[in-house]
Each structure stands twice: as C-alpha cells, then as structure tokens.
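The values are calculated or read from the model by the stated rules, or taken from the named source; none is laboratory data. Just so you know, these numbers come straight off a predicted model, no measurement behind them. Cβ atoms come from the backbone with ideal geometry, glycine included; neighbour counts cover every protein chain shown. Remember, those area values only see protein heavy atoms, side chains included, never the ligands or the DNA or RNA. Shrake-Rupley method; radii C 1.70, N 1.55, O 1.52, S 1.80 Å.
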Amino acid sequence: MMNKVPVILISGFLGSGKTTLLLRLLAYTRQIPLRAAVLMNEMGEYDVDSAIISEEMPDVTVEGLLEGCICCSKRNELAGALHTLLSQEPDLIFMETTGVANPEQVLEELRSPLLVDRLYLVHSISVVDAELFHEYNSRFTADKELVRTLHGQLRTADFIVVNKTDAASSREVTKVVKSIRKLNDTAKLQTTEYSRVDLEPLLEPVLASASVAAKPAQTPQPAPAQAQLTDADAPFVPIPVKSIGRPSSVSRSTAFKVISAHSHDHDSKQPHSFSRLESLTLHQYSPQPLEKQRLENFLTGLGSSLLRAKGYCVFPQEGTMLLQFSGNHLEWQPTALPVSQGYVTLIGEQLDKASITDQWEQCFISL
C-alpha cells in the first residue's frame, strides 16, 4: 500500500494573511528539505497567488483551482487536483482555500473514498485578522451562511493564528482571543503580525511520517521580502484559466471588460459557505492612461461593499505596481514583473456590477 501523504490546510477570511503564512512554511520546508506541493484555490479569473509561489520557488509544484471554492462549486474537481499533485510524489501538500471557503466541507472531502487512502490531515490552520475580526462578525450577523463559514474556519482548526496584531490595540486582541475561545477552546493559538509563527511544531508530525532526520541547523530564513512588507498577498504574475467556451478575441474599444462575476452555486443538500459575496475582475484595456489617484478614488468610492481587491495596474509615471486592498487599507508595491495590461479583481458583498464597471470606465475618460 502506498504511504499516505500529509496535508496541511490553511483557511481564513479575506486578507487575513494566509498566503504570507504559506510562503513562510514553504521556505521552512525547503531547508529541511521536504518536497512540498501546493493546491491553491482562488475565487477570481487569475491564479495570482500560485504565480508568486512558482516565481519564488520554481521547484514547488502548484495546482490551482480558479473561479470558485473547493468547498462547493469546485468540490468535484478537488480530488482530481490532489491526485495530480500526488503523481509528483511530494512529501507534503499545503492546501490554501479562498477567504470565503468553509473548511468543514473540504475536510469531509479529504475523508472520501477517492482520497482517504492517499492523504491524511496533519493540521487545519485558521488565520484571523485581529483588527477586523469583530467588525466582520458584527457586519455579517444577518447572513447565517457566511457566519457559518467564519465560525467553521475556527471550529475546524487545531492551530489558530491571530494575525495583524500590530494594527489592533492590545485590548482588542484580548477580546478577539476570548471570542475565538468560545468557538474553539482546544486549538493551539498564537498572536502575531505578518504571519510570523513558530513553524517547527507545525511540521514535526510531517518530519516523523517522512522519516526525515535532518532538522534546520539554524533559525529558518524569513519568507520572501514581499511577505514581510504586508500581510496582503505577495506580487504575482497573472495566469488565466482555460478559456473554454469564451470568445477567442476581446474588444479593446472600451476601457474595461468584466472577466468574472463569481458567486457560489450550492447543492441544496450541502451546507452553504456564504451567500452574498462575489468577485469581479476588471481589465485595463483602454488606450488612455490610468492615473493612480483616480484608481484610489474609484476603490474607496465603492465603500463598505468592497472587502478585498488585488491586481496589477500600469501607470504612466509609476510604471507597473501591485495593488493590495484589504479592509480599509490600500497598499502599493512596485514590481518589475512584465505586465502588458493591468487588471483589478474585486471581492465584496452584493457588488453592483453594472455601476462598478461604469465607474471603472470613467477612470479612463480624459478630464
């Protein structure tokens, strides 16, 4: 019988710092060394986080499931993606869910006959944004499906990372920990910033199962510089999914194109992960230049309906820059990655897509 491959599942709400933690874990496993593979799940059209992992660590096999969540619309593709990774004979598989995925359903799938003989769960990690935890829980109180998702991310965890403590007061962090303990009083918990946690205990079971005797001789190097700068996702190269059933050419006559407007479709027999959140990707197709300030005004003007945004934007003065927006924080990072046309992916609550695309087009109209 084949040896089972250990799995570490990483969940957490939008912008909490999951990818930053994953980058740290990958840097650590490389030093052991362990052959790690990654399954990355994205709501949007582009596999943005997988690309930065592949660029920083080209030896790591990455499989992406896009435009849906592995807890629901992509659930039937999960087993196939994991078997693709298993064919590479990794020592360990990391799975990062979308920020709105319910890991309870993912864990159920890992116990299915298709996977139970090939994989076993080592840890289920949940990453929490200390600054926004109570705000989100209060805001989504009326949305039972989303509350179930937020609570499910914590209840299923055996290790909880209360992240971004530098952006919250010590009193608020204490309140967050107390609230988490009402949902899960057994998981190990660390408070931190920039997803800096003690990684060795997380990987001890993996080392034992892989019969790896060598341990790092020194404190592991930090994750790539991008992960230290911000808890938002590191820079990426946009990689489109297969364009099955889509037009082979795209009109460039307008300043925008709506690439995806994702929301979950659920089997009525399955518990839902969320109800009103969706994604929308806008492209910088206009020949007119985009001004940074106009884009910032566009994003902030969307108000509380916008929860997360990320993408590449090409400016006439600044050049290509990585955009990261989470909660109320907007960050820019310069990048040398080749991007011919910029784009922005938005994730929010009940997005008014018609109005948003009209506002996006206005960003390119000469004053």
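Some notes on this structure:
- Within segment 2-13, the only residue that satisfies the criterion of being closer than 16 Å to PHE140 by Cβ and open to solvent by 10 Å² or more (accessible area, probe 1.4 Å) is PHE13.
- Filtered residue count, segment 334-351, keeping only those that are under 23 Å from the mean Cα position of the chain (by Cα) and part of a loop (DSSP other than H, G, I, E, B): 9
- Residues satisfying the stated conditions in segment 84-111, i.e. open to solvent by 50 Å² or more (accessible area, probe 1.4 Å) and outside any loop (DSSP other than H, G, I, E, B): THR84, GLU104, GLU108
- Close pairs from segment 117-130: first on the phi > 0 side of the Ramachandran plot, partner small (Gly, Ala, Ser) and surrounded by fewer than 24 Cβ atoms within 10 Å (Cβ to Cβ), Cβ under 8 Å, at least 6 apart: none
- Of all residues making up segment 336-367, the number that are surrounded by fewer than 17 Cβ atoms within 10 Å (Cβ to Cβ) and of a type in the set (Ser, Thr, Tyr): 3
- Restricting attention to segment 298-356, the residues that are β-branched (Val, Ile, Thr) and touching a residue at least 40 places away in the same chain (Cβ under 8 Å) total 6.
- Here GLU131 does not fit the description of being loosely packed, with under 15 Cβ neighbours inside 10 Å and over 27 Å from ARG30 (Cα atoms).
- ASP143 satisfies every condition listed in (1) at pLDDT below 85; (2) within 20 Å of the chain's Cα centre (by Cα); (3) open to solvent by less than 30 Å² (accessible area, probe 1.4 Å) except (2).
- Any hit, segment 322-332, residues being acidic (Asp, Glu), surrounded by 14 or more Cβ atoms within 10 Å (Cβ to Cβ) and assigned to a helix (DSSP H, G or I): no
- Scan segment 49-64 for residues that are farther than 13 Å from PRO90 by Cα and at pLDDT 85 or above and the total you get is 0.
- Among the candidates LEU299, LEU295, LEU290, the residue that is more than 22 Å from the chain's Cα centre (by Cα), in a helix (DSSP H, G or I) and not charged (D, E, K, R) is uniquely LEU295.
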